[in-house]
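**Q** Supplied in structure tokens, the structure appears directly below.
The values are calculated or read from the model by the stated rules, or taken from the named source; none is laboratory data. Values in this document were obtained by computation on a predicted structure and should not be read as measured data. Neighbour counts are summed over all protein chains in view; Cβ atoms, including those assigned to glycine, are modelled from backbone coordinates with ideal geometry. Ligands, DNA and RNA are stripped out before the accessible areas are found, and what is left, the full protein with its side chains, is counted by its heavy atoms. Shrake-Rupley method; radii C 1.70, N 1.55, O 1.52, S 1.80 Å.
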Amino acid sequence: MSAELAPATALWIRQPESLQLKLSGDWRGRAQLPPPPEDLPTGQLLMIETSQLTEYDSGLAAALWALAADRGLRLDVAGLPEGLREVLQLAGEGAPLRLVPPEGLLLQIGRPVGLRLRRARTTLVFIGEVLQAAGRALRGRSAMRRSDLMVQLQATGPASLGIVSLVCGLVGLIIAYMGAAQLQRFGAHIYMADLVTVGVVREVAALMTGVILAGRVGAAFAAQLGSMQANEEVDALRSMGLNPVEHLVLPRVLAMTLMAPLLTAYAALVGCAAGLAVAVGIFDLEPFEYLSRSRESLTFAHLGIGLFKGTVYALLVALAGCRQGMYAGRSAQAVGDATTAAVVQAIVWITVAASALTIMFQQLDW
């Protein structure tokens, strides 16, 4: 008989300091445990050995819970499968069930910290691989195909113009309206041209473009590469001696980097146009006067900083999406988790980069 069809068995084993219950076989549909020895002291430690347990359901968790609660035993959940352990821990929160923690406090604190450190190391290794691939591309030794780069340029650039136009236009309209409403109280609503132009070109256009790309393109990168990872297509590339970073990651990263300044400039133009519409249509400013003030306030420093920020944000989005996709698990749920993590990670990176760059440029008086 195969291991999956092995009958359910339970064996009680007395130990000097505890009582052990050894479970094996298929326990699905079974909610009855054999009675333990009668002369058990209250508070006896009950350990569960499940190395040969092949199948189980919630009925086994209920039986263990009832046994420990009725006999006053301290149930050690460290030897249980993760599913059973979580169910018993959840049940023990609202009932007089004494559970022995599966690990000490220091381990409980150190495990998440160690996991985050390993993830950070993986991210640094991935960024190093991308930089190496980019260096080979600059020397003309990359195996990246130009057709892949052109496809990604289309997906990241022209295909994103619609959502960039809508969002940046509405944001520019909001900035112009709120700024003019406050400036009009002092009779200085003409300065809304300075506010909208400098704010949109220097900060808002780059930030909104980065967030839009994180939700649209970064998530797509993670889903595409995660699906290829789940279908073992990435492993197939490696088995053929091909570098997955050069064939899959580098075209996406280069496409985002090349299209970012153009998308940022377009977003700034749409935002300024929306501000002009508000100034002329609602606050009765002269169009030529508004454009003159905008031209005077806009400098090459503001424009260069805005384009630089937009490029940095787009690069971070591409790296976050590709990193999560390349290291995703091999299931449908893992691909979904990688997609969500890519968007969250990209937005966090954009926020940190925006804060750091703003402080740096202000300290440099640029």
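**Q** Any residue that is in a helix (DSSP H, G or I), more than 17 Å from residue 219 (Cβ to Cβ), touching a residue at least 12 places away in the same chain (Cβ under 8 Å) and touching a helix residue (DSSP H, G or I) at 6+ places or on another chain (Cβ under 9 Å) - is there at least one of those in the range 325-333?
**A** Within the range 325-333 (the criterion being in a helix (DSSP H, G or I), more than 17 Å from residue 219 (Cβ to Cβ), touching a residue at least 12 places away in the same chain (Cβ under 8 Å) and touching a helix residue (DSSP H, G or I) at 6+ places or on another chain (Cβ under 9 Å)), the answer is no, since none of the residues qualifies.
Yes/no per residue for (1) within 25 Å of residue 262 (Cα to Cα); (2) polar (S, T, N, Q):
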{"site": "189", "(1), (2)": "no, no"}
{"site": "197", "(1), (2)": "yes, yes"}
{"site": "204", "(1), (2)": "yes, no"}
{"site": "211", "(1), (2)": "yes, no"}
{"site": "221", "(1), (2)": "yes, no"}
{"site": "227", "(1), (2)": "no, yes"}
{"site": "231", "(1), (2)": "no, yes"}
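So that you can scan it fast, the table gives a plain yes or no per residue for (1) farther than 28 Å from residue 176 by Cβ; (2) surrounded by fewer than 19 Cβ atoms within 10 Å (Cβ to Cβ):
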{"position": "290", "(1), (2)": "no, no"}
{"position": "302", "(1), (2)": "no, no"}
{"position": "310", "(1), (2)": "no, no"}
{"position": "314", "(1), (2)": "no, no"}
{"position": "333", "(1), (2)": "yes, yes"}
{"position": "343", "(1), (2)": "yes, no"}
{"position": "351", "(1), (2)": "no, yes"}
{"position": "361", "(1), (2)": "no, yes"}
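**Q** Restricting attention to the range 136-146, which residues are small (Gly, Ala, Ser) and under 13 Å from residue 253 (Cβ atoms)?
**A** Matches in the range 136-146: 137, 142.
**Q** Restricted to the range 7-21, and to residues that are in a loop (DSSP other than H, G, I, E, B) and over 19 Å from residue 61 (Cβ atoms), which residue is least open to solvent (accessible area, probe 1.4 Å)?
**A** Filtering the range 7-21 for residues that are in a loop (DSSP other than H, G, I, E, B) and over 19 Å from residue 61 (Cβ atoms), the one least open to solvent (accessible area, probe 1.4 Å) comes out as 18.
**Q** Also, quick follow-up: Conditions: (1) loosely packed, with under 12 Cβ neighbours inside 10 Å; (2) within 24 Å of the chain's Cα centre (by Cα); (3) of a type outside the set (A, V, I, L, M). Residue 157 meets all but one. Number of the miss?
**A** Checking residue 157 against (1) loosely packed, with under 12 Cβ neighbours inside 10 Å; (2) within 24 Å of the chain's Cα centre (by Cα); (3) of a type outside the set (A, V, I, L, M), the one that fails is (1).
**Q** If a residue has to be open to solvent by less than 20 Å² (accessible area, probe 1.4 Å) and either assigned to a helix (DSSP H, G or I) or at pLDDT 95 or above (or both) to count, how many in the range 260-285 make the cut?
**A** 10
**Q** Further question: Answer yes or no as to whether residue 235 is assigned to a helix (DSSP H, G or I), among the acidic types (Asp, Glu) and free of Cβ contacts under 8 Å to residues at least 12 places away in the same chain.
**A** So residue 235 passes the test.
**Q** Here is a follow-up. Being within 30 Å of residue 341 (Cβ to Cβ), in contact (Cβ under 8 Å) with a residue 24 or more places away in the chain and either in contact with a His (Cβ under 6 Å, 6 or more places away or on another chain) or open to solvent by less than 60 Å² (accessible area, probe 1.4 Å) (or both) narrows it down to one of 167, 196, 201, so name that one.
**A** The conditions single out 167.
**Q** Given the residues 258, 269, which is the only one that is under 21 Å from residue 164 (Cβ atoms) and free of Cβ contacts under 8 Å to residues at least 40 places away in the same chain?
**A** Just one listed residue meets the conditions, 269.
**Q** Go through the residues of the range 136-148 one by one and say whether even a single one is more than 17 Å from residue 263 (Cα to Cα), open to solvent by 30 Å² or more (accessible area, probe 1.4 Å), in contact (Cβ under 8 Å) with a residue 12 or more places away in the chain and in contact with a Pro (Cβ under 7 Å, 6 or more places away or on another chain).
**A** Yes, some residue in the range 136-148 is more than 17 Å from residue 263 (Cα to Cα), open to solvent by 30 Å² or more (accessible area, probe 1.4 Å), in contact (Cβ under 8 Å) with a residue 12 or more places away in the chain and in contact with a Pro (Cβ under 7 Å, 6 or more places away or on another chain).
**Q** So, in the range 174-188, how many residues would count as being open to solvent by 50 Å² or more (accessible area, probe 1.4 Å) and in contact (Cβ under 8 Å) with a residue 60 or more places away in the chain?
**A** Number satisfying all stated conditions: 2.
**Q** Let me ask another. As an exercise: evaluate residue 24 against (1) part of a strand (DSSP E or B); (2) open to solvent by 60 Å² or more (accessible area, probe 1.4 Å); (3) of a type in the set (Gly, Ala, Ser) and give the number of the one condition it does not meet.
**A** The failed condition is (2).
**Q** Shifting gears a bit: Filter the range 27-54 down to the residues that are within 17 Å of residue 6 (Cβ to Cβ), buried (at least 16 other Cβ atoms within 10 Å of the Cβ) and not hydrophobic (A, V, I, L, M, F, W, C) and list them by number.
**A** 30, 50, 54
**Q** Go through (1) at pLDDT below 75; (2) basic (Lys, Arg); (3) within 24 Å of the chain's Cα centre (by Cα) for residue 98 and report which single condition fails.
**A** Unmet condition: (3).
**Q** Looking at the range 158-223, what helices (runs of 4 or more DSSP H) fall wholly within it and have at least 2 residues that are aliphatic (A, V, I, L, M) and more than 21 Å from residue 347 (Cβ to Cβ)?
**A** Correct list: 161-183, 192-199.
**Q** If you check every pair at least six apart or on different chains, which have Cβ atoms under 6 Å apart with a residue in the range 272-284 that is among the small types (Gly, Ala, Ser) first and a residue that is open to solvent by less than 50 Å² (accessible area, probe 1.4 Å) and assigned to a helix (DSSP H, G or I) second?
**A** From the range 272-284, the pairs are 274/169; 274/172; 275/172; 275/176; 275/196; 279/192; 279/290.
**Q** Within the range 66-86, restricting attention to residues that are of a type in the set (Asp, Glu) and without any contact (Cβ under 8 Å) to a residue 24 or more places away in the chain, which residue is farthest from residue 42 (Cα to Cα)?
**A** Here the residue is 82.
**Q** So for the range 106-113 (the condition being loosely packed, with under 13 Cβ neighbours inside 10 Å, closer than 22 Å to residue 11 by Cβ and either among the basic types (Lys, Arg) or modelled with pLDDT of 80 or more (or both)), does at least one residue qualify?
**A** For the range 106-113, residues loosely packed, with under 13 Cβ neighbours inside 10 Å, closer than 22 Å to residue 11 by Cβ and either among the basic types (Lys, Arg) or modelled with pLDDT of 80 or more (or both): absent.
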